[in-house]
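Computed from the coordinates by the stated procedures, all read-outs in this text should not be read as laboratory data. As the structure is a prediction and not an experimental result, all values here were calculated from the model. Cβ coordinates were reconstructed from backbone atoms using ideal geometry, including for glycine residues, and neighbour counts include every protein chain displayed.
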Amino acid sequence: MTLYLFYFLSFVAIFSALLVVFSKNPVYSVLYLIITFFAIAGHYILLNAQFLAAVHVIVYAGAIMVLFLYVIMLLNLNQDSEPHKSSLAKIAAVICAGTMMVIIIGTLRGSASLPAKDGVNIGYVKELGNVLFNEFLLPFEISSILLLAAMVGVVMVGKMDHKTVDSPQSVNGNSTLDNRPSTMDKVNEKELTINK
Amino acid sequence: MNIPIEYYIWLSTVLFSIGVLGVLYRRNAIIIFACIELMLNAVNLLMVAFSAKLNDSNGQVFVFFIMAVAAAEVAVGLAILVMMYRKTKSVDIDILNRLRG
């Protein structure tokens, strides 16, 4: 039963990951990426990592993907404005990625013989929280500083653009653009607070 | 855990390679970002699989940190993209080549 669930989730993950790359419309790409992330969250549950599954759904499907969709809709991207590479570059990309897959599989094949260990289930919040707040307390605090720095950086990037775009002779069309950095920052702040 | 670890190695390798393929295949910078997320997730999945197999919680803590870094990276990257879009009116990475030496 578990194995069938694994096969199903793997199929969904790989199929929708391929559709992320090959769908013409960027909005569809991002929607397929959400399906991939949910399949990966299912894999986490299969691996008894419940806490990570919950965090994965909240952070990726809930925050990052909303940010992606928001930006795509903000920039008004669709199928018509989608740039395409030449077919020679596409064939070269497929060959490169396939070669890389073969190399990675060849490298990782020996690691399957590592001995498995039994013990308490480490995926629950209690055990993970013990490790996180004892051994990894300093990295945990540093990651919060990183998120703060990212938030300040995003605000600065928005402000910098605001000053250069909003020149005195700017037309009325730019006034709609001016709303964009503030809404972007709100989404980022929401994402960052969720992540904390 | 009754699923062999080889299956997870295969799955995350395929997902990672699809991410590499997307980065090489597409010219839309937002899709390239999405494919980078896909690669990060493939690595996360393998890390969780090995941490479940070896019963070592350090792997899961690292996945947690990778998620935090990925969130920060996406926020900054998409802000830069929006800024570049307003200057060039395009997300085509072949146009965004001002940083070349």
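The set of residues in the range A:1-51 that are more than 18 Å from B:Ile32 (Cα to Cα) and polar (S, T, N, Q) comprises A:Thr2, A:Ser10, A:Asn48, A:Gln50.
Selection of the range B:54-72 for residues being crowded, with 18+ Cβ neighbours inside 10 Å and of a type outside the set (S, T, N, Q) yields B:Gly59, B:Val61, B:Val63, B:Phe64, B:Met67, B:Ala68, B:Ala70, B:Ala71, B:Ala72. Condition check for B:Leu38 on (1) facing chain A (nearest Cβ under 7 Å); (2) over 23 Å from A:Gly110 (Cα atoms); (3) in contact with a Leu (Cβ under 8 Å, 6 or more places away or on another chain); (4) surrounded by fewer than 23 Cβ atoms within 10 Å (Cβ to Cβ): one failure, at (4). Taking the conditions (1) within 7 Å of chain A (Cβ to nearest Cβ); (2) of a type in the set (A, V, I, L, M, F, W, C); (3) more than 30 Å from A:Pro115 (Cβ to Cβ) in turn, B:Met67 satisfies each one other than (3).
Rundown of residues vs (1) under 18 Å from the mean Cα position of the chain (by Cα); (2) more than 9 Å from chain B (Cβ to nearest Cβ); (3) of a type in the set (A, V, I, L, M, F, W, C), yes/no style:
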position	(1), (2), (3)
A:Met1	no, yes, yes
A:Phe8	no, yes, yes
A:Ile14	yes, no, yes
A:Leu18	yes, no, yes
A:Val21	yes, no, yes
A:Ile35	yes, yes, yes
A:Leu46	no, no, yes
A:Phe51	yes, no, yes
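Conditions (1) within 29 Å of B:Asn2 (Cα to Cα); (2) in contact with a Phe, Trp or Tyr (Cβ under 9 Å, 6 or more places away or on another chain); (3) at the interface with another protein chain (Cβ under 7 Å from one of its Cβ atoms); (4) among the aliphatic types (A, V, I, L, M), marked per residue:
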| site | (1), (2), (3), (4) |
| --- | --- |
| A:Ser86 | no, no, no, no |
| A:Ile95 | no, no, no, yes |
| A:Ile105 | yes, yes, yes, yes |
| A:Tyr124 | yes, yes, no, no |
| A:Leu128 | yes, yes, yes, yes |
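Filtering the range B:10-21 to residues that are crowded, with 21+ Cβ neighbours inside 10 Å and either among the aromatic types (Phe, Trp, Tyr) or out of contact with any Phe, Trp or Tyr (no Cβ under 9 Å at 6 or more places or on another chain) (or both) leaves B:Ser12, B:Thr13, B:Leu15, B:Phe16, B:Ser17, B:Ile18, B:Gly19, B:Val20, B:Leu21. Residues that are over 20 Å from A:Ser111 (Cβ atoms), more than 7 Å from every other protein chain (Cβ to nearest Cβ) and of a type in the set (Phe, Trp, Tyr) within the range B:4-35 comprise just one, B:Phe33.
The helices (runs of 4 or more DSSP H) found entirely in the range A:1-115 that carry 3 or more residues being surrounded by 20 or more Cβ atoms within 10 Å (Cβ to Cβ) and either touching a residue at least 24 places away in the same chain (Cβ under 8 Å) or not basic (Lys, Arg) (or both) are A:2-22, A:26-46, A:50-56, A:65-75.
Pick from A:Leu75, A:Leu114, A:Leu69: which is facing chain B (nearest Cβ under 7 Å) and within 29 Å of A:Leu33 (Cα to Cα)? That would be A:Leu75, the only listed residue that is facing chain B (nearest Cβ under 7 Å) and within 29 Å of A:Leu33 (Cα to Cα).
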